[in-house]
1. VAL53 - would you say it is touching a Gly at 6+ places or on another chain (Cβ under 8 Å) and surrounded by 19 or more Cβ atoms within 10 Å (Cβ to Cβ)?
2. Checking the conditions here, which among LEU247, LEU178, LEU199, LEU236 is within 13 Å of the ligand (Cβ to nearest atom) and under 16 Å from ASN161 (Cα atoms)?
3. Name the residue, out of ARG162, ARG150, ARG122, ARG157, that is charged (D, E, K, R), buried (at least 24 other Cβ atoms within 10 Å of the Cβ) and either closer than 26 Å to GLN288 by Cβ or not assigned by TED's automatic domain parsing to the domain that holds VAL215 (or both).
4. Restricting to segment 105-136, count the residues that are more than 9 Å from the ligand (Cβ to nearest atom), part of a helix (DSSP H, G or I) and not acidic (Asp, Glu).
5. Residues of segment 6-16 being near the ligand (Cβ under 7 Å from one of its atoms) and more than 16 Å from ALA45 (Cα to Cα), which ones?
6. From ASP159, ASP261, ASP211, grab the single residue that is modelled with pLDDT under 95 and within 23 Å of SER301 (Cα to Cα).
7. Which members of segment 253-288 meet the condition of being touching a Ser or Thr at 6+ places or on another chain (Cβ under 9 Å) and either assigned to a helix (DSSP H, G or I) or of a type in the set (Lys, Arg) (or both)?
8. Quick check: is even one residue across segment 161-173 under 22 Å from LYS319 (Cβ atoms) and assigned to a loop (DSSP other than H, G, I, E, B)?
Amino acid sequence: MKKPLRIAITGAGGQICYSLLFRVACGDLLGPDQPVILHLLDIPAAEQVMKGVLMELEDCAFPLLRDMSASTNPKAAFRDCDIAFLIGSRPRSKGMERRDLLEINGGIFKAQGQALSEVAQRTVKVLVVGNPANTNGLIACHHARELDPRNFSSMMRLDHNRALTQLALKIGHPVHDLQRMTVWGNHSTTQFPDVSQVLVNGSPLTTILQDPQWVEQIFIPTIQKRGAAVIEARGLSSAASAANAALSHMRDWIRGTPAGDWVTMGVPSDGSYGIPEGLMCGMPVTCQEGHYEIVQGIELSPQSRSLIQQTCQELSSEKEAVAMLLD
Ligand code: NAX
């Protein structure tokens with residue numbers, strides 16, 4: 001049997017983790033022959049809830065779950081961890097300005113980046129889910145001075161999966177037939193779900209979808225506003241689908257993307273596609289042997305370039321709003 005891997009998960013008392021923890025513990029992330037040790041982190045107000053979650057994890061008798069702990073101290077939770085899901089963050093409360101939200105969360109992710117840098121494995125893979133995910137990811141990465149920035153990513157996979165399904169429904173194919181979806185930019189309403197490279201059973205989508213206006217007028221706004229639509233329907237934000245996306249993101253990063261396909265990850269921009277360096281931006285990536293590469297050579301139309309520029313402008317303005325946390 002392999003040596004157990006340590007997986008830190010923050011926001012452990014919240015609704016996304018209530019789905020994610022159980023899937024990680026049963027082997028959905030790393031496979032049926034990889035034991036895991038779970039390190040839960042939340043704030044003191046959620047200590048009692050974490051206790052209950054630990055009890056339920058015990059009650060599942062998962063064969064792969066070798067040990068688990070709950071803490072309110074980031075350094076304790078991140079010690080020696082191989083994988084970290086940073087999910088916990090402060091929600092926007094009544095009267096709070098967007099700038100205040102960015103700053104409060106920035107403070108949380110600064111401290112967590114520093115703690116990861118001090119105590120996590122040097123190869124730790126970090127996925128930031130807590131919103132604003134891209135900018136929080138940038139802050140955590142910036143403060144993890146002893147770690148490679150390529151260890152950090154932010155979650156765009158829920159947007160990616162939403163886009164795949166809406167497209168599959170439109171053309172009447174199973175999701176399985178579709179490849180090469182990309183969601184550029186920010187996990188926000190400015191994101192650009194880009195179908196221009198999508199293949200359906202190896203053929204360009206454009207040979208099947210005869211309705212270009214649908215993409216602009218229905219598809220793109222539907223994906224951009226899907227989070228709000230789920231809140232409207234459920235009275236709560238996406239949780240199980242977010243947990244599934246986080247798990248898929250980390251699984252593909254570690255175990256690789258299928259040949260000929262790619263996924264969307266928020267990763268530190270390197271200047272590709274004219275996106276300014278130093279943003280945590282949704283981009284198409286392939287993964288192999290635990291490393292991602294940004295897909296190169298995609299031909300972008302002037303309209304696509306303009307939509308990418310708009311969402312990156314939003315990322316730049318978020319970065320400016322937290323400039324004091326990026327010194
Ligand atoms: P919940 O409010 O259910 O849970 C959040 C948990 O985080 C709470 O238990 C809270 O005590 C904890 N927390 C707060 N500050 C913390 C800190 N400093 N350290 C550790 N834990 C802390 O939210 P949930 O629905 O689970 O969502 C979590 C985050 O994911 C939110 O920021 C949400 O906006 C974000 N999302 C991001 C998505 C993405 O695609 N990037 C999609 C889903 C989700 O909306």
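1. When the stated conditions are applied, VAL53 passes them.
2. Selected residue: LEU247, the only one of LEU247, LEU178, LEU199, LEU236 that is within 13 Å of the ligand (Cβ to nearest atom) and under 16 Å from ASN161 (Cα atoms).
3. ARG157
4. Result for segment 105-136: 9.
5. ILE16
6. Among ASP159, ASP261, ASP211, only ASP211 is modelled with pLDDT under 95 and within 23 Å of SER301 (Cα to Cα).
7. The answer is TRP253, and nothing else.
8. no
The values are calculated or read from the model by the stated rules, or taken from the named source; none is laboratory data. Quick caveat, the model's predicted, so the values are computed rather than measured. Using ideal geometry, Cβ is built from the backbone for each residue, glycine included, and neighbour counts are taken over all protein chains shown.
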